[in-house]
1. Filter segment 63-79 down to the residues that are over 18 Å from A307 (Cβ atoms) and more than 15 Å from the chain's Cα centre (by Cα) and list them by number.
2. Given (1) modelled with pLDDT of 95 or more; (2) surrounded by 17 or more Cβ atoms within 10 Å (Cβ to Cβ); (3) outside any strand (DSSP E or B), where does S71 come up short, assuming only one miss?
3. Going through segment 262-286 one residue at a time, which ones are free of Cβ contacts under 8 Å to residues at least 12 places away in the same chain and more than 17 Å from the chain's Cα centre (by Cα)?
4. Considering segment 190-207 alone, what residues qualify as being surrounded by fewer than 22 Cβ atoms within 10 Å (Cβ to Cβ) and either among the β-branched types (V, I, T) or modelled with pLDDT under 95 (or both)?
5. State all residues of segment 28-53 that are open to solvent by less than 60 Å² (accessible area, probe 1.4 Å), within 19 Å of A74 (Cα to Cα) and in contact (Cβ under 8 Å) with a residue 40 or more places away in the chain; if no residue qualifies, say none.
6. Can you tell me which condition G259 does not meet? The list is (1) surrounded by 15 or more Cβ atoms within 10 Å (Cβ to Cβ); (2) more than 20 Å from the chain's Cα centre (by Cα), and all the others hold.
7. Please specify each residue of segment 1-27 satisfying the condition of being loosely packed, with under 12 Cβ neighbours inside 10 Å, acidic (D, E) and not in a helix (DSSP H, G or I).
8. Suppose we keep only residues that are touching a helix residue (DSSP H, G or I) at 6+ places or on another chain (Cβ under 7 Å) and not in a helix (DSSP H, G or I) within segment 284-301. Which one would you say is farthest from A247 (Cα to Cα)?
Amino acid sequence: MHRIVVLDSSTANPGDLSWDFLNKYGTVEIYDRSTPEQTVKRAENADIVIINKTVLPESVLRSLHNLKFVSLLATGYNVVDTAAADKLGITVSNVPSYSTDAVAQQVFAFILEFANRVGVHSQSVLSGEWVSCPDFSFIKAPLCELAGKTIGVIGYGRIGRKVCEIAHAFGMKVLASTAHPEKYESDFVKFMSIDEMLPQCDFVSIHCPLTPETDKLVNADFISKMKKGAFLVNTSRGAELDEKAVADALNSSYLAGAGLDVLSTEPPREDNPLLGAKNVWITPHIAWAPFETRERLLGVTEENIKAFCSGSPINVVNSPEKR
């Protein structure tokens with residue numbers, strides 16, 4: 001039997017799902033969250049560790065002498081030093097593609113808020129403005145139809161493609177930028193470079209992985225190429241935005257709005273310039289978190305653990321040497 005430790009269970013499963021499936025594979029300890037100081041002590045005897053955002057650098061991995069398998073409650077695996085895991089013979093598996101529909105849905109939650117201004121109008125009604133209005137209808141902020149508007153999608157992975165499909169269903173013109181457009185065929189997506197795309201877009205949605213090339217991709221130069229009055233959406237990685245540049249563009253009204261589910265540091269620092277910017281909607285990294293999505297996440301996690309225990313691991317993101 002294996003000794004299994006879940007180091008940060010609270011976000012993936014705040015209590016509405018069950019961890020009971022783990023009992024089939026060994027003894028289980030579950031912690032809501034673990035500080036760096038607690039990580040080694042809690043996992044020192046474990047051979048299977050399950051994490052979401054707990055960081056496992058080389059120094060920690062070398063301290064966990066029994067560890068054989070890290071199962072991530074996420075697609076991204078940058079929190080694990082996979083090169084060190086390779087040398088130490090530790091297998092690392094992730095959960096790919098579990099949140100595609102949910103993240104694309106969040107993109108359009110932002111876009112529809114920009115278009116229909118449901119929040120500001122509902123609040124005005126609840127504060128008594130409709131009761132005292134002389135007319136049957138009033139408009140508190142500009143409204144627009146999505147049909148005929150242009151969206152630019154930067155990154156054409158599974159989520160980017162889903163966003164394009166939804167945009168097309170709304171009657172939007174769809175532009176996309178990807179490193180290898182020759183790999184894809186679409187009747188409704190026009191592929192082009194970012195610089196060609198930006199001046200045409202009413203909405204720009206970011207869907208690329210965080211790499212040295214995409215770090216602070218959305219900077220002052222990027223924004224200057226956007227259409228004045230466009231909207232920006234980021235559900236990818238917060239570090240892909242130069243947050244000061246985005247805040248400046250919002251405060252000057254060059255950007256009409258931004259919808260952000262991710263920030264460069266999470267939780268954010270109090271002095272993050274976006275927290276006080278005009279016309280910004282920020283959600284606390286929840287695009288991945290609908291019940292059905294998290295249920296799927298735990299389901300694939302069980303498959304990962306079952307496969308590892310049977311000697312044929314799946315969804316492996318590294319190349320561990322044999323111990």
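The values are calculated or read from the model by the stated rules, or taken from the named source; none is laboratory data. Every value quoted in this text rests on a predicted model; they were computed, and no experiment measured them. All Cβ positions, even for glycine, are placed from backbone atoms using ideal geometry, and neighbour counts span all protein chains on display. When the accessible area is computed, the model is the full protein with side chains, heavy atoms only, and any ligands, DNA or RNA have been set aside. Shrake-Rupley method; radii C 1.70, N 1.55, O 1.52, S 1.80 Å.
1. Scanning segment 63-79 gives S63, L64, H65, N66.
2. All conditions are met except number (3).
3. Of everything in segment 262-286, those that are free of Cβ contacts under 8 Å to residues at least 12 places away in the same chain and more than 17 Å from the chain's Cα centre (by Cα) turn out to be R269, E270, D271, L275.
4. I194
5. I48, V49, I50, I51, N52
6. Condition not satisfied by G259: (2).
7. Across segment 1-27, the qualifying residue is only D16.
8. Taking the candidates together, the pick is P290.
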